[in-house]
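Mind having a look at this structure? Questions to follow.
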């Protein structure tokens, strides 16, 4: 599967567009739409570059979901999971109870699992809570 419009918009909305490198809440250098790989202090990019970086990087995150999830997903479920993995990383996804719940085809309990991941640096963040709610809502919404 490939990410759809709703998933892409969710990621763009919550990541926000930053053309100058900055340190995120977790203390990681970030640019564009939450891009972290190879980002250094002082980097500056264009909006076109930010979009290109996002689309190229999303292939990797789509692959994590396509590979690790063993049950069928709707487009909205897939989009919600790609957003989650893009934000939290494949290692967290692979080790999560959420993945076990998904692969047990217990879809009704996935939104509660999504909501558990709203902390950075050990602190609950309002922005992450809003993002997790949006992902949980998208996951639950069908197609």
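Filter the range 119-132 down to residues that are at pLDDT 95 or above and in contact with a helix residue (DSSP H, G or I) (Cβ under 7 Å, 6 or more places away or on another chain) and give me whichever is surrounded by the most Cβ atoms within 10 Å (Cβ to Cβ).
132
Oh, and also: Under 9 Å between Cβ atoms, which residue pairs at least 6 apart in sequence (or on different chains) link something in the range 88-109 that is on the phi < 0 side of the Ramachandran plot and in a loop (DSSP other than H, G, I, E, B) with a partner that is modelled with pLDDT of 95 or more and surrounded by fewer than 14 Cβ atoms within 10 Å (Cβ to Cβ)?
These pairs meet every condition: 96/116; 104/71; 106/100.
For the range 17-55, what are the residues that are surrounded by 15 or more Cβ atoms within 10 Å (Cβ to Cβ) and farther than 17 Å from residue 83 by Cβ?
Matches in the range 17-55: 18, 21, 29, 31, 39, 43, 45.
Name the residues in the range 95-105 that are surrounded by 13 or more Cβ atoms within 10 Å (Cβ to Cβ) and farther than 23 Å from residue 24 by Cα, would you?
Our first condition is that a residue be surrounded by 13 or more Cβ atoms within 10 Å (Cβ to Cβ); within the range 95-105, this holds for 96, 98-99, 101-102.
Within the range 95-105, 98, 99, 101, 102 qualify.
Which of the residues spanning the range 1-25 are free of Cβ contacts under 8 Å to residues at least 40 places away in the same chain, over 18 Å from residue 127 (Cα atoms) and part of a helix (DSSP H, G or I)?
5
Just a yes or no: is a residue in the range 79-94 more than 12 Å from the chain's Cα centre (by Cα), more than 16 Å from residue 5 (Cα to Cα) and buried (at least 19 other Cβ atoms within 10 Å of the Cβ)?
No, there is no match, as no residue in the range 79-94 is more than 12 Å from the chain's Cα centre (by Cα), more than 16 Å from residue 5 (Cα to Cα) and buried (at least 19 other Cβ atoms within 10 Å of the Cβ).
Can you say whether residue 137 is under 17 Å from residue 7 (Cβ atoms), touching a helix residue (DSSP H, G or I) at 6+ places or on another chain (Cβ under 9 Å) and surrounded by fewer than 15 Cβ atoms within 10 Å (Cβ to Cβ), as far as the supplied structure shows?
Considered against the rule, which asks whether it is under 17 Å from residue 7 (Cβ atoms), touching a helix residue (DSSP H, G or I) at 6+ places or on another chain (Cβ under 9 Å) and surrounded by fewer than 15 Cβ atoms within 10 Å (Cβ to Cβ), residue 137 comes out as yes.
Something else now. Could you tell me whether any residue of the range 26-47 is assigned to a loop (DSSP other than H, G, I, E, B), farther than 19 Å from residue 135 by Cα and in contact (Cβ under 8 Å) with a residue 40 or more places away in the chain? Working first, answer last.
Our first condition is that a residue be assigned to a loop (DSSP other than H, G, I, E, B); within the range 26-47, this holds for 26-28, 33-34, 36-43, 45-46.
Retained after the next criterion (residues that are farther than 19 Å from residue 135 by Cα): 26-28, 36-43, 45-46.
Now narrow it down to the ones that are in contact (Cβ under 8 Å) with a residue 40 or more places away in the chain: 26-27.
Yes, there is a match, as at least one residue in the range 26-47 is assigned to a loop (DSSP other than H, G, I, E, B), farther than 19 Å from residue 135 by Cα and in contact (Cβ under 8 Å) with a residue 40 or more places away in the chain.
The values are calculated or read from the model by the stated rules, or taken from the named source; none is laboratory data. Everything numeric in this text was worked out from a predicted model, so none of it was measured. Quick reminder, even Gly has a Cβ in these numbers, built from the backbone with ideal geometry, and neighbours come from all protein chains shown.
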